[in-house]
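Report on the following structure.
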Amino acid sequence: MKKNYSPWLYQLKQDREHQSLAKDEETDVAIIGAGIAGIATAFFTLKYTDKKVTILERYKLAHGATGHNAGQVVSYFERGFSSLVDEFGLELATEGQKSVEDAWQLLDEMYTDAGLNIPFARFLGHAGLSSFEHVLLHLKNNLLRKQGGLNIERLLILETVDFLNEIPKEYDGLYSTTSKETLQDLLETKSHDFVAVLSYQKGCVNSALFCQEILTYLLDKYKDRFALYELSPISKIILRSNEAILDAESHVVNAKKVVLCTNGFSGFTIINETGLEINTKFHHLLQSTIGYMSGYLEKMNKPPVAISYLTDPDPSTEKPYFYITRRYYEYEGDKDFNLISIGGPEYVLPEDGHYSHEHEYSEEIIGEIDSFVKKTYDVDPNKKIDYIFTWHGLMGYTKNRIRLIGPEPKNKTLLYNLGCNGVGILPSIYGGKRISDFIGGKEVKESIFDVPKEYL
Ligand SMILES: Cc1cc2nc3c(=O)[nH]c(=O)nc-3n(C[C@H](O)[C@H](O)[C@H](O)COP(=O)(O)OP(=O)(O)OC[C@H]3O[C@@H](n4cnc5c(N)ncnc54)[C@H](O)[C@@H]3O)c2cc1C
């Protein structure tokens, strides 16, 4: 059995001091949770408002999903664009998709303002599709993207497939054909499983390191109105009409607004003194899934890339798929490494199940990942791969797989920027900006990220 050992936490400063809450505090905006959502919310609230901001973290900065993810910067949702259109209509779905794509600029803004120089690569990422059904779904997505005014995703279909003549005419111009050699080169595989490749802008960053560096910048720039308290769990939130009281065990924090960036709703209760119940619905809101990853190092010999392998021909299945990310990586002071990280295996926790970072990482999961790598990506039968890093993290899925961003309708003192949903770096950053707009009193339009009506 392996332990939970993440390449992202490995790169954090091990001697950074963790200041915990040592007295009662008053603040304008209390943010609970110091993952990428909490840090981005603090960044934009500090930049675009004059509010005092305090982050409270139960453990340590970026040690939640932010320190245990795949670190791909991607702008898709864990559901197709066409299903967003079915649920919300073309206009709202397009706005939602555009917001996440525009978060690339927000990420740049954070990176540039803070003068960062940590590795952040951008490239064309690829997904291998294995059936006509997959192809049709992405053609439909592309058609709707075009109708909504979004860029279409490049779709290359194998020129020898037998379904070429069955592709409906309405999709003309939304794909091209390609040779098997090109398709296999793009997917970096010799596998014959794939009939098409979908390509779109992706990137990679160590999101935990990113948080650490942004934190350093914020602490320096906003000395008089920003604080982070780690090792300071919040067990109870009492909401009044214009303030919240947070119970941090031996101390309390009084805040005008409180933003949950907790990636879930476990470990604390919410009491809404203004009336309607908020607390009980939450525990049914998120489905918790553990995502497992492994990573190995090679001497740097290839550029960064991110590739997903959708080998299940049925696109409607929610079964996990394998995906790799290759990036430049510094290890033991040597910058000349490629880290190849692989994700795929998942485990859905029962509703009353508890996730722990110490949760076991079984040999069986390493075996699953290894046999995928050997079959699809790094196929030399004589090569023994040493998975230096093996890690897992909690993915909290909202019911509709869309991040929850905005005020709680029953009491606007409380706001949310949460719901990991498997893809969360860009949505968290967009969420941070959107929350700062609410807090700054800007007019904020209705969106797909609002608390869904069925939750009310
Ligand atoms: C295996 C895996 C792979 C992933 N791959 C990708 C990817 O490639 N690309 C991508 O975009 N996204 C990916 N994600 C999702 C992404 O990592 C998350 O969406 C994102 O990191 C969530 O950030 P967050 O700040 O909302 O949550 P977290 O990073 O989990 O932070 C929440 C914080 O809240 C704190 N907290 C909770 N309750 C309390 C409390 N009561 N008091 C005080 N503090 C509290 C926690 O300790 C934690 O630090 C992946 C996730 C996993 C698990």
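One residue alone among Leu124, Leu137, Leu106 is farther than 30 Å from Leu46 by Cα, among the aliphatic types (A, V, I, L, M) and part of a helix (DSSP H, G or I), and that residue is Leu137.
For (1) closer than 30 Å to Asn141 by Cβ; (2) part of a strand (DSSP E or B), each residue gets a yes or a no:
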| residue | (1), (2) |
| --- | --- |
| Arg16 | no, no |
| Gly38 | no, no |
| Thr45 | no, no |
| Ile55 | no, yes |
| Arg58 | no, no |
| Gly96 | yes, no |
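Kindly evaluate Glu91 against the criterion of being more than 15 Å from the ligand (Cβ to nearest atom) and either of a type outside the set (Phe, Trp, Tyr) or open to solvent by 30 Å² or more (accessible area, probe 1.4 Å) (or both). Here the answer is yes, as Glu91 does meet what is asked.
So, of the residues in region 332-346 that are without any contact (Cβ under 8 Å) to a residue 60 or more places away in the chain and open to solvent by less than 40 Å² (accessible area, probe 1.4 Å), which turns out to be farthest from Cys204 (Cα to Cα)?
Residue satisfying both the conditions and the ranking: Pro345.
Screening the candidates Asp86, Asp102 for the property of being open to solvent by 10 Å² or more (accessible area, probe 1.4 Å) and either closer than 28 Å to Glu213 by Cβ or aliphatic (A, V, I, L, M) (or both) yields one hit, Asp102.
Looking at region 50-61, is at least one residue open to solvent by less than 10 Å² (accessible area, probe 1.4 Å), at pLDDT 95 or above and among the polar types (S, T, N, Q)?
Yes: region 50-61 contains one or more residues that are open to solvent by less than 10 Å² (accessible area, probe 1.4 Å), at pLDDT 95 or above and among the polar types (S, T, N, Q).
Any residue that is basic (Lys, Arg) and within 15 Å of the ligand (Cβ to nearest atom) - is there at least one of those in region 221-243? Yes: region 221-243 contains one or more residues that are basic (Lys, Arg) and within 15 Å of the ligand (Cβ to nearest atom).
None of Thr262, Thr311 is more than 11 Å from the ligand (Cβ to nearest atom) and either out of contact with any helix residue (DSSP H, G or I) (no Cβ under 6 Å at 6 or more places or on another chain) or open to solvent by 40 Å² or more (accessible area, probe 1.4 Å) (or both) except Thr311. Does Leu174 fit the bill of being free of Cβ contacts under 8 Å to residues at least 60 places away in the same chain and open to solvent by 10 Å² or more (accessible area, probe 1.4 Å)? No, not satisfied. Which numbered condition trips up Arg326, out of (1) under 30 Å from Asp185 (Cβ atoms); (2) within 12 Å of the ligand (Cβ to nearest atom); (3) open to solvent by less than 40 Å² (accessible area, probe 1.4 Å)? The single condition Arg326 does not satisfy is (2).
Hey, among Leu276, Leu228, which residue is at pLDDT 95 or above, aliphatic (A, V, I, L, M) and on the phi < 0 side of the Ramachandran plot?
Just one listed residue meets the conditions, Leu228.
Residues of region 303-323 that are closer than 14 Å to Asp185 by Cα, in a strand (DSSP E or B) and not aromatic (Phe, Trp, Tyr): Val305, Ala306, Ile307, Ser308.
Among the residues of region 60-80, none is identified as over 10 Å from the mean Cα position of the chain (by Cα) and assigned to a strand (DSSP E or B).
The values are calculated or read from the model by the stated rules, or taken from the named source; none is laboratory data. Everything numeric in this text was worked out from a predicted model, so none of it was measured. A quick note on method: Cβ atoms are made from the backbone with ideal geometry, for glycine too, and the neighbour counts reach across all protein chains shown. We work out accessible area using only protein heavy atoms, side chains counted, and drop any ligands, DNA or RNA first. Shrake-Rupley method; radii C 1.70, N 1.55, O 1.52, S 1.80 Å.
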